[in-house]
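What follows is one structure encoded as structure tokens, with my remarks underneath.
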Amino acid sequence: MYRVDPKKAIEDHATRPVAGPGQLSPQAEAVIAQPAQKPLSAAVIAGIAQIVEAGLLSGLGLVVHALFAGPVQNEFSIPVILATALLANIAFNAVRSHRVSSYRTALPQIGRVLGAWSVVMIALAVGLYFLASGDLASRAWLVIWFGSGAVVLVAYRLGLRALVQHWTNMGRLKRRAVIVGGGTDAATLIEQVKAGASNDVELLGLFDDRVGERSPEMVSGYPKLGMVADIVEFARRTPIDLVIVSMPLSAEKRVLDMLTQLWVLPVDIRLSAHMSKLKFTNKAYSYVGDVAVLDMADRPISDWNLVFKWVFDKIVALTALVLLSPVMVVTAIAIKLESKGPVFFMQNRHGFNNETIRIFKFRSMRTDMLDATASKLVTKDDPRVTRVGKFIRRTSIDELPQLFNVLKGELSIVGPRPHAPQAKAENQLYYEAVEGYFARHRVKPGMTGWAQVNGWRGETDTIDKIMQRVNHDLYYIEHWSILFDLYIVLMTPVSLVSKNENAY
């Protein structure tokens with residue numbers, strides 16, 4: 001997989017301005033105006049389907065054994081039944097029946113599942129005959145488990161098929177995709193996608209830097225929406241899951257230029273292999289439907305990792321609210337006693353994929369001096385900050401109300417800290433000062449992050465300081481794991497004590 005080196009990109013172009021939001025074409029605006037369904041993860045659906053199916057088979061096995069072979073014996077029967085359900089799951093995967101494309105079928109899916117179930121049960125019967133005590137007649141419960149299991153599998157798979165078809169009809173299983181490229185090559189790619197991935201991909205249009213006959217305004221019924229650079233703004237205003245590049249590998253400079261522009265987005269980028277004369281082994285390719293593609297970039301956190309991070313966020317946020325509620329109550333009282341005005345302060349910040357979110361904070365400034373846009377950084381001994389405000393800002397207690405943002409799904413516990421849109425360093429907006437700044441928005445922002453536990457918190461009055469923050473944020477994105485999140489959470493209190501010299 002091709003990877004842009006975030007640190008090198010930032011250091012090489014540290015002070016080159018980055019274009020802000022631009023004006024899109026009428027065709028692009030028309031696509032943006034259409035409602036978009038939030039897609040479901042095929043990997044998560046398949047995973048949950050496997051868990052439910054294994055639970056049904058193992059539960060059924062325990063019930064059948066108890067009814068027809070006597071009480072279940074923990075030392076033998078339970079491990080055998082659970083192992084059989086696990087082996088059945090492996091067999092179902094071996095016959096490729098746990099894929100969304102397979103769930104959409106009826107007879108082919110059921111045929112593969114029943115065939116795999118039969119093989120597993122025959123293997124179990126043979127194993128018990130040679131390894132377990134008693135004669136084969138005492139294994140009658142196996143026949144009953146086999147028959148009832150087959151009925152349950154058929155009913156379950158038909159129900160799963162109906163559910164997947166419903167989601168397909170709603171568009172929930174389609175990844176919203178755009179194509180980079182144009183002309184006859186893009187037309188060939190479009191026909192291949194329509195033929196093999198119509199249920200999995202919703203094509204929105206094309207982006208191409210070329211003009212004229214080589215790149216017409218309409219290709220196979222899909223409009224040209226703009227130039228490659230326009231994809232960044234387009235993806236911030238309407239959901240995009242996938243960018244398919246219709247360029248030959250020989251066009252190295254065009255491919256690299258495209259990746260340099262698009263690496264800031266939280267999308268999968270795939271290079272179609274239909275134009276390449278080079279042939280790789282099958283393991284080198286992934287597939288969009290039946291279209292072979294080369295993986296150029298992946299969204300940082302997706303599928304089950306997104307589920308794990310969601311669960312982690314909710315557990316930590318709820319636990320923190322319970323444990324820190326006395327601190328929050330005392331802080332609220334202190335704020336009200338010292339100065340007039342509300343306890344909480346809300347401010348717009350950059351969120352995931354550059355969307356605007358409103359975060360909660362304890363008010364730390366005098367009411368008549370509040371800076372809603374954060375256009376002026378807080379400095380040491382800033383007269384706008386109250387006495388209580390100085391303490392809660394230095395200890396980051398003012399950030400605790402953002403636990404509610406986490407529960408709302410706007411923030412994560414760990415991630416790049418959300419910045420105010422008008423925040424500046426050396427009188428330059430952050431995205432003007434640092435090339436690749438928006439790449440930190442490829443994941444949901446967090447209450448704490450890798451930059452903060454390394455001492456890069458508080459005032460960012462110089463370009464070097466904001467560069468250090470962005471470098472650490474991008475390192476976190478590239479190396480994310482649940483254990484990394486847990487480490488950052490555990491190190492946050494330590495950093496608040498030992499590395500708070502820049503927090504005012």
* To do: Sort through A420, A425 and tell me the only one that's among the hydrophobic types (A, V, I, L, M, F, W, C), at pLDDT below 90 and farther than 30 Å from E338 by Cβ.
  => A425
* Structure fact -> Per the filter on region 24-83, residues of a type in the set (K, R) and either at positive phi or in contact with a strand residue (DSSP E or B) (Cβ under 8 Å, 6 or more places away or on another chain) (or both) are none
* Inspect region 303-317 for any residue being open to solvent by 30 Å² or more (accessible area, probe 1.4 Å), at pLDDT below 95 and either charged (D, E, K, R) or more than 18 Å from L486 (Cα to Cα) (or both) and give the result as yes or no. => yes
* Residues in region 247-256 that are surrounded by 14 or more Cβ atoms within 10 Å (Cβ to Cβ) and within 25 Å of the chain's Cα centre (by Cα): how many? -> 1
* For Y437, all conditions in the list (1) of a type outside the set (V, I, T); (2) over 23 Å from L323 (Cα atoms); (3) surrounded by fewer than 21 Cβ atoms within 10 Å (Cβ to Cβ) hold save one; what is the number of the exception? -> (3)
* So A284 clears everything in (1) closer than 27 Å to G182 by Cα; (2) modelled with pLDDT of 85 or more except one condition, right? Which one? -> (2)
* Please list, ordered by first then second residue, the pairs with beta carbon atoms under 7 Å, 6 or more apart or interchain, first in region 146-159 and among the hydrophobic types (A, V, I, L, M, F, W, C), second open to solvent by less than 40 Å² (accessible area, probe 1.4 Å) and in a helix (DSSP H, G or I). => F146/M121; A150/W117; V152/L60; L153/V113; L153/W117; V154/I110
* Can you confirm whether region 239-247 contains a residue that is within 30 Å of E53 (Cβ to Cβ) and not in a helix (DSSP H, G or I)? => yes
* Asked: Taking interchain pairs and intrachain pairs at least six residues apart, which have beta carbon atoms under 6 angstrom, with the first residue in region 198-222 and touching a residue at least 60 places away in the same chain (Cβ under 8 Å) and the second outside any loop (DSSP other than H, G, I, E, B) and open to solvent by 70 Å² or more (accessible area, probe 1.4 Å)?
  -> V201/R175
* To do: Name the one entry in L400, L407, L323 that is farther than 30 Å from L40 by Cα, aliphatic (A, V, I, L, M) and touching a helix residue (DSSP H, G or I) at 6+ places or on another chain (Cβ under 6 Å).
  => L400
* To do: Report, ordered by the first and then the second residue, all pairs with beta carbons closer than 9 Å, sequence separation of six or more or different chains, a first member in region 276-298 that is hydroxyl-bearing (S, T, Y) and outside any loop (DSSP other than H, G, I, E, B), and a second member that is modelled with pLDDT of 75 or more and surrounded by 10 or more Cβ atoms within 10 Å (Cβ to Cβ).
  => S286/R270; S286/A292; S286/V293; S286/L294; S286/D295; Y287/G196; Y287/A197; Y287/V293
* Kindly indicate whether any position in region 179-194 is at pLDDT 95 or above, farther than 30 Å from P266 by Cβ and open to solvent by 60 Å² or more (accessible area, probe 1.4 Å). => no
* Restricting attention to region 452-496, report how many residues are of a type in the set (D, E) and more than 21 Å from R442 (Cα to Cα). => 3
* Structure fact -> Here the residues within region 409-427 that are touching a residue at least 12 places away in the same chain (Cβ under 8 Å), surrounded by fewer than 24 Cβ atoms within 10 Å (Cβ to Cβ) and among the polar types (S, T, N, Q) are Q422
* Structure fact -> Those residues of region 327-349 which are in contact with a strand residue (DSSP E or B) (Cβ under 7 Å, 6 or more places away or on another chain) and over 21 Å from R394 (Cβ atoms) amount to M346, N348
* Looking at this structure, is Y156 under 28 Å from I78 (Cα atoms) and surrounded by fewer than 16 Cβ atoms within 10 Å (Cβ to Cβ)? -> no
* Filtering region 433-473 down to residues that are of a type in the set (G, A, S) and assigned to a helix (DSSP H, G or I), which residue is farthest from E233 (Cα to Cα)? -> A451
* Does S118 fit the bill of being touching a residue at least 60 places away in the same chain (Cβ under 8 Å) and either on the phi > 0 side of the Ramachandran plot or among the small types (G, A, S) (or both)? -> no
* To do: Look at V228 and say whether it is within 19 Å of G171 (Cα to Cα), β-branched (V, I, T), in contact (Cβ under 8 Å) with a residue 40 or more places away in the chain and open to solvent by less than 50 Å² (accessible area, probe 1.4 Å).
  => no
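The values are calculated or read from the model by the stated rules, or taken from the named source; none is laboratory data. Being a predicted model, the structure only gives us computed values, none of them experimental. With ideal geometry, Cβ positions are generated from the backbone for all residues, glycine too; neighbour counts draw on all protein chains shown. Accessible surface is based on the protein model in full, side chains and every heavy atom, while ligands, DNA and RNA are left aside. Shrake-Rupley method; radii C 1.70, N 1.55, O 1.52, S 1.80 Å.
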